[in-house]
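Data block below; observations after.
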Amino acid sequence: GAGVSQSPSNKVTEKGKDVELRCDPISGHTALYWYRQSLGQGLEFLIYFQGNSAPDKSGLPSDRFSAERTGGSVSTLTIQRTQQEDSAVYLCASSFFVWGANTEAFFGQGTRLTVV
Amino acid sequence: SQQGEEDPQALSIQEGENATMNCSYKTSINNLQWYRQNSGRGLVHLILIRSNEREKHSGRLRVTLDTSKKSSSLLITASRAADTASYFCATDERSTGNQFYFGTGTSLTVIP
């Protein structure tokens, strides 16, 4: 596709349920990022994938959060046993990685997660 | 974490005026980028400046980078109501070239 696609755009779930958020990056982009943004706040880094390297999971807030990237393309962020504090907009972005640095990142429109 | 910090947190100006936002960061970087966000959803890339560059222009945008002070500024000239948005700087760490760290953002309001 032409841009980064995230699904669903909105998700309402009950506390304690598991959710999966999907990200389709721009074709050919080797770097993929997940961020979380609470209302009126900045972006909180969650996880970073770069090519075949081990992902940087240092931003995941707890072991309830996990992510994978299959075939170097689509990524899924899974939140188990959701809590109300997990409510936020989850943003995915992708970029090229050239000469040891990331180029400009392109963002999806995000998934707004509401845990009730 | 190597987070950028934007200053001011909020800025309100009249249409036609210039808006200046600043960003400070903590470590050596490969590049610094500025993004705009409308309505709390996806961010739009505005401009990228590399660590060996000092100034860059793109339309009504002018970005400067001072690596000795670990700071950058974004100037929007002749502002328009449509420029109303949140603006974020993002840096990557030179030693790893990994993920971008975003600042807390500047909320800009341009009054028609």
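The values are calculated or read from the model by the stated rules, or taken from the named source; none is laboratory data. All values derive from a computational prediction rather than experimental measurement. Cβ atoms come from the backbone with ideal geometry, glycine included; neighbour counts cover every protein chain shown. For the accessible areas, the whole protein counts, side chains as well, though only heavy atoms, and no ligand, DNA or RNA atoms are used. Shrake-Rupley method; radii C 1.70, N 1.55, O 1.52, S 1.80 Å.
Structure summary
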read-out: Given (1) surrounded by 17 or more Cβ atoms within 10 Å (Cβ to Cβ); (2) within 17 Å of residue A:116 (Cβ to Cβ), index of the condition residue A:16 fails; value: (1)
read-out: Meets criteria (open to solvent by less than 30 Å² (accessible area, probe 1.4 Å), within 8 Å of another protein chain (Cβ to nearest Cβ), of a type in the set (A, V, I, L, M, F, W, C) and over 16 Å from the mean Cα position of the chain (by Cα)) for residue A:101; value: yes
read-out: Among (1) within 13 Å of chain A (Cβ to nearest Cβ); (2) at pLDDT 95 or above, the one test that residue B:48 misses; value: (2)
read-out: In region B:48-63, the residues that are touching a residue at least 24 places away in the same chain (Cβ under 8 Å) and in a strand (DSSP E or B); value: B:61, B:63
read-out: Condition met for residue A:76 (surrounded by fewer than 22 Cβ atoms within 10 Å (Cβ to Cβ), in contact with an Asp or Glu (Cβ under 7 Å, 6 or more places away or on another chain), more than 18 Å from residue B:37 (Cα to Cα) and β-branched (Val, Ile, Thr)); value: yes
read-out: The listed residue being surrounded by 22 or more Cβ atoms within 10 Å (Cβ to Cβ), touching a strand residue (DSSP E or B) at 6+ places or on another chain (Cβ under 8 Å) and in a loop (DSSP other than H, G, I, E, B), out of B:99, B:33; value: B:99
read-out: Selection within region A:25-38 - surrounded by 19 or more Cβ atoms within 10 Å (Cβ to Cβ) and free of Cβ contacts under 8 Å to residues at least 60 places away in the same chain; value: A:34, A:35, A:36
read-out: Scope region A:81-95; condition crowded, with 16+ Cβ neighbours inside 10 Å and farther than 14 Å from residue A:110 by Cα; matching residues; value: A:82, A:86, A:95
read-out: Identity of the residue in region B:23-74, of a type in the set (Val, Ile, Thr) and over 13 Å from the mean Cα position of the chain (by Cα), that ends up farthest from residue B:98 (Cα to Cα); value: B:67
read-out: Qualifying residue in region B:75-92 (condition: outside any strand (DSSP E or B), open to solvent by less than 40 Å² (accessible area, probe 1.4 Å) and facing chain A (nearest Cβ under 9 Å)); value: no
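A quick yes/no check of all residues on (1) closer than 30 Å to residue A:111 by Cβ; (2) aromatic (Phe, Trp, Tyr); (3) in contact with a helix residue (DSSP H, G or I) (Cβ under 9 Å, 6 or more places away or on another chain):
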position	(1), (2), (3)
B:4	yes, no, no
B:10	yes, no, no
B:44	yes, no, no
B:63	no, no, no
B:76	yes, no, yes
B:84	yes, no, no
B:90	yes, no, no
B:101	yes, yes, no
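Residues are listed down the side, and each one gets a yes or a no for (1) more than 10 Å from every other protein chain (Cβ to nearest Cβ); (2) closer than 22 Å to residue B:92 by Cβ; (3) crowded, with 17+ Cβ neighbours inside 10 Å:
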residue: A:21; (1), (2), (3): yes, no, yes
residue: A:40; (1), (2), (3): no, no, no
residue: A:60; (1), (2), (3): yes, yes, yes
residue: A:63; (1), (2), (3): yes, no, no
